[in-house]
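Notes to accompany the following structure.
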DNA sequence: TGATATTCATTCGTATACAAACAATATGTG
DNA sequence: CACATATTGTTTGTATACGAATGAATATCA
């Protein structure tokens, strides 16, 4: 089945295929757009110029601190290069502090600062409101269904 | 209701709120991850080093050509600055050609080149396979449901 | 006509996102 | 111990993504 798809992919599309295919009806297009709308809502409501990824890193770090930079990246679904940039900006703001790991010379141990804790506390209810507004077009049942379906394709 | 949320957001979160909130269970986290997985599938399968946005621009341009750069951006949900970068790269590859609009001196009229048409034809069945693989964890009913729910929150 | 507003494209700055290559450090196996 | 392997963090390069500012061309309307 997957193999049949693969060999099909290697062949040339017919003119009728070209007419039929619509990008804006593909799942990828919807995923990108839905994410865009969420990020827009987040940016509009959240204070302190926090981005979605910075917020994810901050709140996840609060859960698992102290931890290494790469581990935080794994837990927030960020590439090593991406998490480094995010952490650097959070450090520059004074929300996160770094220290070398005495046990492992490779590791950079991350912790929240008081400022970081305060930033979370200050914005937590807004973050909840952002989730609420993003899901506002849906009923309670639809919200659970959407999250369940997204979980399956992650 | 929205007003109540707003004023709540202005207040400070309690320690219990901090314990309860989990980023990785918010809709934004799922949307970002689902999109990530889709992009990864796309990159792995699609040839010609085409990106998801380049593919969206190419195929949408095929539908509506000739059109202006900003119009193509609107139809593919891209910012003016974003669509410019995408178009520039497609032009550099020879997939898209640009010409000034005789009727409107502001406009840059875009068209697909033969190379662009060929690139679409060459990758169309793969694009279909990418959609299929992204949705592969879902049943047919779940797929329709997911797309419907995403459409509602876009 | 002429002032105002709108649209289009460009540019700058900041922030993800990831592949690839690299050095330093750990770990496990012989 | 020695060596192969894996992990951690860094850097570079490319590609979105978008706010904001700018300037040119066009549209609108009093």
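Only the coordinates and a few stated rules stand behind these numbers; no lab work does. The structure presented is a predicted model; accordingly, all values stated were derived computationally and were not measured. Counting neighbours? That spans all protein chains shown, and the Cβs are built from the backbone with ideal geometry, glycine included.
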Other copies of residue B:44: label-to-label distances in nm, shortest first, labels 7 Å along the beta-carbon direction: 3.6
Nearest 10 degrees, 0 to 90: helix A:27-45 Cα axis against chain A principal axis: 30 degrees
Residue-averaged [θ]222 nm for the protein assembly as shown, counting only DSSP H segments that reach four residues, each worth -39500 (n - 2.57): -21000 deg cm²/dmol
Cα gyration tensor shape for segment B:97-154, rounded if a/c is under 1.5, else prolate or oblate: oblate
Over segment B:1-112: Kirkwood hydrodynamic radius from C-alpha pairwise inverse distances, Å: 17.4 Å
Segment B:73-116: relative contact order in percent, alpha carbon pairs under 8 Å with at least 6 residues between: 28 percent
Chain A: relative contact order as a whole-number percent, Cα under 8 Å and 6+ apart: 20 percent
Crossing angle, helix A:52-64 versus chain A [Cα axis fit, 0-90 degrees, rounded to tens]: 60 degrees
Cα extents of segment A:46-154 along the three principal axes, largest first (Å): 50, 30, 20
Degrees separating the helix B:140-152 axis from the principal Cα axis of chain B, which is the longest one: 90 degrees
Taking A:38, A:12 and counting other C-beta atoms within 10 Å, the order from fewest to most: A:12, A:38
Computed Rg/Rh of the protein assembly as shown, alpha carbon atoms with Kirkwood Rh: 1.02
Simple label model, 7 Å out from Cα along Cβ direction - residue B:111 to residue A:36, nm: 2.7 nm
Centroid-to-centroid separation of segment A:50-100 and segment B:31-102 [C-alpha atoms, Å]: 31 Å
Averaged over B:115-128, number of beta-carbon atoms from partner chains that fall within 10 Å: 4
Approximate spin-label separation residue B:48-residue B:103, in nm, with each point projected 7 Å along Cα-to-Cβ: 2.9 nm
Using a 7 Å Cα-to-Cβ projection, residue B:91 label spacings across copies, nm, ascending: 4.0
